[in-house]
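Nothing in this text is a laboratory measurement; each read-out follows from the coordinates by a stated rule. Here the structure is a predicted model, which is why all the values come from computation and not from measurement. Here Cβ is always computed from backbone atoms with ideal geometry, including for glycine, and neighbour counts include all displayed protein chains.
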Amino acid sequence: MQNLDLASEDETRALGARLATLLQRGDVVALHGDLGAGKTTLVRGLIQSILGPATEVPSPTYALVQMYEGPSFPLWHFDLYRIEQAGDLQELGWDDTPGGVALIEWPQRAGAHLPENRLDVFLQNSGEGRRARLEARGEGWQERLDELFV
Ligand SMILES: Nc1ncnc2c1ncn2[C@@H]1O[C@H](COP(=O)(O)OP(=O)(O)OP(=O)(O)O)[C@@H](O)[C@H]1O
Ligand SMILES: [Mg+2]
């Protein structure tokens, strides 16, 4: 487990960029936190660090998913806030995501479809800023976090 203070939006984006350096095909990153906690901001920093700062990373609030073609693997950015039932995930291409990386806002809405092996990121308000907690679940993630936060 890793706790981090994020004093500004830039620090949230920078954490995303830092996590991007760890990512491998098949990874799942679940982003927990209330409305406005900074989930999309973190994903924006992550994707722009891979694809460049000019890449637009909208919140997939209505589309529910946005796909990005990375140099090594595709990335899917899900926002499941408005999904009606977990059964609708198939229509969003959920089954393709092991071929790349899945970044998931409102992951609890995926129910039993959420993979057990994943990185959980919890974001919450803290004064004017945010606090992040990273929790490794399953094979390999803890070792990778340890490399990042030596
Ligand atoms: N560390 C931070 N300190 C202060 N403000 C921040 C920080 N990180 C992000 N923000 C701000 O929080 C606001 C909401 O961020 P964001 O849209 O990423 O939230 P979200 O968790 O994706 O919300 P939603 O659940 O609605 O999708 C943005 O205005 C962003 O600039
Ligand atoms: Mg969001």
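Ser59 passes every criterion in (1) closer than 27 Å to Gly140 by Cβ; (2) among the polar types (S, T, N, Q); (3) touching a strand residue (DSSP E or B) at 6+ places or on another chain (Cβ under 9 Å) apart from (1). If you check Glu56 against the conditions, is it out of contact with any helix residue (DSSP H, G or I) (no Cβ under 6 Å at 6 or more places or on another chain), within 16 Å of ligand 2 (Cβ to nearest atom) and not hydrophobic (A, V, I, L, M, F, W, C)? When the stated conditions are applied, Glu56 passes them. Of all the listed residues (Gln2, Gln24, Gln48, Gln85), the sole one being away from ligand 2 (no atom under 14 Å from the Cβ), touching a Ser or Thr at 6+ places or on another chain (Cβ under 6 Å) and not acidic (Asp, Glu) is Gln48.
How about the stretch 27-42: which of its residues are more than 6 Å from ligand 1 (Cβ to nearest atom) and over 24 Å from Gly138 (Cβ atoms)? Result: Asp34, single match.
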